[in-house]
Structure formats: structure tokens, C-alpha cells
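Accompanying notes for the structure given below.
The values are calculated or read from the model by the stated rules, or taken from the named source; none is laboratory data. All values derive from a computational prediction rather than experimental measurement. Positions of Cβ are backbone-derived with ideal geometry, glycine not excepted, and every protein chain shown enters the neighbour counts.
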Amino acid sequence: MSHSFLKESKLYLEYSGTKYRIYTTAAISFSQTFAEDSYPVKTLHDQSKMFEGSTITKANPASFNFEVPLTVEKDESIVLDLANDLVTTVDSGITTQQLKTFIMYIQTGSSTFKVENCIVSAANFAFNPREQFKVQLEGQGTKLTRVGDESYNLGTIQSESATRTPLLLYPVPTIDSLNMTSIISSTIQLQNNIEWTEFQDLQTSLAGTMQYPSAYTVTNRIVSGAIKQYQTDNNITQFDDFSTASNVTIKGVQVGKPSSDNGFITMNINPAMFTARMAVADIYTQSYDYRSLDATPTIAYV
């Protein structure tokens, strides 16, 4: 008997025919649920008694999330591309923007699972100079299946760097002309809001064939987060500040390099809104909560 342990799991992503090994923390999960339709049924012997029958012919979108520590070698840059980049498509003269679609494989000690037509719905970044820089990804796919055992052949895997150097970053934010020194921490969240197209039809349902989602629409994209700052005599007048037409930029600069460095990762939002609020504790701090005001914010891996 062979048991599967989460810490033994290996993650592979396939995009545009190329497969990548992605190293994750233990924070990885994936699943798919099914929708039930119930209906009343009378018994032959007693027409007055009813019970609930059930049919299951529709699958909900598969869901997944995992956390990726980023390295100086940038072998994980594909996950940022999948979360951030949009693909323009034209169908019947109608132009739409879609997320990059990929396939996800998870190998355990006894199985290999496959999630098809995956998209990233959220990416979360947190800057902490004392911890390795990580990105937490959430997303959905159309179909989860077991495609083989632990020896399933995934084919050719993209070559990796000979080393994996942990990446330590500190945030360097800019909000218009505000004093953005004495920064404690910063967070960035990229949210791709999607709606799956209704995909159940009567004929397939009556035939008992399982139906899986196939198409979706990106309804909007939002980048938001917070910048936390010590309150000093240089920025005390900013504690009740706000704006609905600002330019917000956050650079992630590698620890040991000056703040004037181009940064390892850069986010720019213009236009953006922000509100500043004060927190009273042993040390006075203030937090700038910001959000994008259109669907064109960019996060670049420099």
C-alpha cells in the first residue's frame, strides 16, 4: 500500500507546448466538485410517499491554489506571466481579452493528476525583507482527472538553472509626491474576476454524460493592496489623505541594493485611488490602501 503525502507533491505547468517544473511550498491544493439535481419520486406501493431522486451530470470548475517562492534565477517567471498577461482574441469581429490558459500536472507518491484549461484568478505578493519573496496563486480549470501513477511520463521538461538562490526584497513605493520613506511592509493583490458560461444542455443531461465548463469571460481586473508606514514628523500630515486620481508604483528591490535600483519586480497603477488611515499602538503607523481604477495595471518581472 502506498500513501500520498502533500510534501512529496511535484507541480508542473504546461504552457504553449512547454512544460515547467515549479517548486512550491507545502501550500498546494486542488479539487473539483459536481452539481446535483434532485427531483421528487413516488414509490410504486404508496403513491402518497415521496423521496428525493438525484442526477449528477454537471461538474463545477476545478479549483487550485499554490505558493511559489521566487528565486534570483527567475526560473518561476512563467507563473507571473500566466497571472498578469492578457491575450487578445477576435471572434466574429468581436475583440476580447482572455487570460493565458495552461495545463497543470501534480505528481504524488502514487498518482499523477491533470487539471485542464487552467487560468489564474488571483495572485498575492507580500514584501518582507526577512523572508523569501513568494507569490500565492489561485485559479480554476475545466477538468480534473487522474492520468496515471507516479511514473506517468510528462515528456520533456524545460531545463532549470543549476542553482536556486532565495530572493529577498524590500518595497520602494511611490505615490505622487507623498513622503514614502520609513516603510514597514507592502502587499499587492492581482484579481482577475471571471464568469463561466452556462454549459449544461438538456440532451446531454438526459443522456447521463458528464458536462464540464469550457468558456469564460473576464469581467474585470483589479490590482489592490496596502502600504504600511511608520508615522514620523515628516509624514504626519498624510494620515487623513486620499485621492481618486493618483499614480502608484511599487518596486521590489533586492536586499543589499540601493532604493534607486530598477527593482526585481515592479507594479505601476495609473490611475489609482488610495486612502490613508492611521493606526494607534505603541508606535503610530499609517496604511495607504490603494486600488486600480481601470483594467490596465501592469506587474513586470524586471
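Criterion first (crowded, with 17+ Cβ neighbours inside 10 Å and among the hydrophobic types (A, V, I, L, M, F, W, C)) does Ile269 satisfy it?
Details: crowded, with 17+ Cβ neighbours inside 10 Å: yes; among the hydrophobic types (A, V, I, L, M, F, W, C): yes.
The answer is yes for Ile269.
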Met210 meets each of (1) out of contact with any Ser or Thr (no Cβ under 9 Å at 6 or more places or on another chain); (2) within 30 Å of Val87 (Cα to Cα); (3) among the hydrophobic types (A, V, I, L, M, F, W, C) with one exception, condition (1)
Checked segment 67-97 for anything out of contact with any Phe, Trp or Tyr (no Cβ under 8 Å at 6 or more places or on another chain) and in a strand (DSSP E or B); matches are Glu67, Thr71, Leu86, Val87, Thr88, Thr89, Val90, Asp91, Ile94, Thr95, Thr96, Gln97
If we ask which residues in segment 272-302 are surrounded by 13 or more Cβ atoms within 10 Å (Cβ to Cβ), over 20 Å from Gln189 (Cβ atoms) and charged (D, E, K, R), their number turns out to be 0
Residues of segment 156-183 being out of contact with any strand residue (DSSP E or B) (no Cβ under 6 Å at 6 or more places or on another chain) and acidic (Asp, Glu), in sequence order, are Glu160
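Looking only at segment 160-198, which residues are outside any strand (DSSP E or B), surrounded by 12 or more Cβ atoms within 10 Å (Cβ to Cβ) and under 24 Å from the mean Cα position of the chain (by Cα)? Talk me through it step by step, then tell me what you get.
Restricting attention to segment 160-198, the residues satisfying the condition of being outside any strand (DSSP E or B) are 160-165, 167-168, 176-182, 197-198.
Applying the additional criterion that residues be surrounded by 12 or more Cβ atoms within 10 Å (Cβ to Cβ) yields 160, 164, 167-168, 176, 178-182.
Glu160, Arg164, Leu167, Leu168 - these are the residues of segment 160-198 that are outside any strand (DSSP E or B), surrounded by 12 or more Cβ atoms within 10 Å (Cβ to Cβ) and under 24 Å from the mean Cα position of the chain (by Cα).
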Note: among Ile119, Ile103, just one is touching a Ser or Thr at 6+ places or on another chain (Cβ under 8 Å), aliphatic (A, V, I, L, M) and either more than 28 Å from Ala35 (Cβ to Cβ) or modelled with pLDDT of 90 or more (or both), namely Ile119
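Hey, among Ile119, Ile157, which residue is exposed (fewer than 13 other Cβ atoms within 10 Å of the Cβ), of a type in the set (A, V, I, L, M, F, W, C) and touching a residue at least 60 places away in the same chain (Cβ under 8 Å)?
The unique qualifying residue is Ile157.
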Note on segment 282-297: residues modelled with pLDDT of 90 or more and either among the small types (Gly, Ala, Ser) or in contact with a helix residue (DSSP H, G or I) (Cβ under 8 Å, 6 or more places away or on another chain) (or both) are Gln286, Ser287, Ser292
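Here are some residues: Ile236, Ile283, Ile269, Ile250. Which one is among the β-branched types (Val, Ile, Thr), under 21 Å from the mean Cα position of the chain (by Cα) and more than 22 Å from Glu76 (Cα to Cα)?
Numbers: Ile236 fails: under 21 Å from the mean Cα position of the chain (by Cα); Ile283 fails: under 21 Å from the mean Cα position of the chain (by Cα); Ile250 fails: more than 22 Å from Glu76 (Cα to Cα).
On inspection, the qualifying residue turns out to be Ile269.
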- Query: Would it be correct to say that Phe66 is at pLDDT 90 or above and within 29 Å of Gly155 (Cα to Cα)?
  - Reply: yes
